[in-house]
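Please read the structure below before turning to the comments.
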Amino acid sequence: MRKAVIAGNWKMHKTNGEARLLARAIKAGSAGVSHCEVVMAPPFTALAAVAEELKGTPLILAAQNVHWEAKGAFTGEISIPMLKDVGCGMVVIGHSERRQYFGETDASVNRRVRAVLESSLKPIICIGETLAERESGNHHSVVAQQLAGGLDSLTRRDLLRIILAYEPVWAIGTGRTASPETAQEMHGMIREWLSGRFGEEAQTVRILYGGSVKPDNIDALMLQPDIDGALVGGACLEAESFLRIIHYRL
Ligand code: 13P
């Protein structure tokens with residue numbers, strides 16, 4: 001009932017030429033895929049080039065961030081109308097790297113999410129605890145707080161449009177994936193939280209796992225009942241590994 005999503009977060013990688021080659025290879029290797037939605041989030045500078053490559057395919061273009069205002073004096077920012085104009089269908093919000101290095105907070109995540117929900121774009125909202133928070137046993141409360149802040153004043157209807165990505169910071173770029181059981185435990189907790197706050201719409205929300213997802217661990221992760229897809233960093237930068245992840249086997 002929840003269609004899986006396999007999303008690649010390219011982070012700060014790929015010039016336009018490189019981006020076109022990667023998008024082309026992924027397009028070719030995922031032709032006919034219908035078991036999941038395939039999403040690519042290149043850097044802003046490559047959105048237009050990748051959009052051209054993906055034209056006429058079901059592949060979804062996403063941006064890695066967006067500002068909440070439609071336009072104005074916000075040097076260095078990108079607006080929702082700009083993303084729609086270039087062909088984006090989704091946008092990543094609140095990635096832990098934005099939170100860690102660029103001062104993103106639950107409140108600013110919430111402003112972005114609310115603005116996106118007023119448009120036709122879908123937000124992929126990232127949450128996840130740091131290693132210190134997990135080791136001190138606070139991972140549930142940290143994630144619950146991120147959910148409460150990031151999803152503040154959303155309605156049950158909004159829930160039908162959001163995608164969540166649970167990305168434990170200690171698993172990002174470290175090669176240290178959460179075990180399928182650890183990830184499932186957190187995804188279950190997140191769905192329970194959603195259920196308590198919003199009711200049965202919680203069952204419709206896709207919750208992706210992110211953090212060192214690779215060809216050799218995707219199958220076991222996707223077997224978990226509350227893992228509805230993956231947000232992939234490093235392994236999405238090569239067509240071969242991203243395609244193997246798209247073609248996960250249950
Ligand atoms: P890695 O897959 O490189 O660990 O990155 C995960 C991530 O941050 C995706 O948004």
Determine the pairs where a residue that is under 24 Å from SER96 (Cβ atoms), located within the range 193-211, has a partner that is part of a helix (DSSP H, G or I) and of a type in the set (Phe, Trp, Tyr) with Cβ atoms under 8 Å apart, the partner being 6 or more residues away or on another chain. GLY211/TRP170
Strands (runs of 3 or more DSSP E) contained in the range 138-250 and holding at least 1 residues hydroxyl-bearing (Ser, Thr, Tyr) and surrounded by fewer than 20 Cβ atoms within 10 Å (Cβ to Cβ): none
Taking interchain pairs and intrachain pairs at least six residues apart, which have beta carbon atoms under 9 angstrom, with the first residue in the range 142-153 and touching a residue at least 40 places away in the same chain (Cβ under 8 Å) and the second part of a loop (DSSP other than H, G, I, E, B) and open to solvent by 20 Å² or more (accessible area, probe 1.4 Å)? GLY149/THR105
Cross-chain or 6+ apart pairs with Cβ under 6 Å, the range 53-68 first and among the aromatic types (Phe, Trp, Tyr), then open to solvent by 40 Å² or more (accessible area, probe 1.4 Å): TRP68/ARG111
Name, by its number, the condition in (1) within 19 Å of ASP158 (Cβ to Cβ); (2) within 16 Å of the ligand (Cβ to nearest atom); (3) aromatic (Phe, Trp, Tyr) that does not hold for PHE102. (1)
Residues located in the range 221-239, provided they are touching a Gly at 6+ places or on another chain (Cβ under 9 Å), more than 12 Å from the ligand (Cβ to nearest atom) and in contact (Cβ under 8 Å) with a residue 60 or more places away in the chain: MET222, ALA239
Can you report the number of residues in the range 196-220 which are under 17 Å from ILE125 (Cβ atoms) and away from the ligand (no atom under 16 Å from the Cβ)? 6
Tell me which of these LYS14 doesn't satisfy, since it passes every other one: (1) within 20 Å of the chain's Cα centre (by Cα); (2) surrounded by fewer than 20 Cβ atoms within 10 Å (Cβ to Cβ). (2)
Can you pull out the residues in the range 20-33 that are more than 21 Å from ILE124 (Cα to Cα), surrounded by 22 or more Cβ atoms within 10 Å (Cβ to Cβ) and free of Cβ contacts under 8 Å to residues at least 60 places away in the same chain? none
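The values are calculated or read from the model by the stated rules, or taken from the named source; none is laboratory data. Keep in mind the model is a prediction, meaning the values are calculated, not measured. Quick reminder, even Gly has a Cβ in these numbers, built from the backbone with ideal geometry, and neighbours come from all protein chains shown. Note: areas computed on protein heavy atoms with side chains; ligands, DNA, RNA excluded. Shrake-Rupley method; radii C 1.70, N 1.55, O 1.52, S 1.80 Å.
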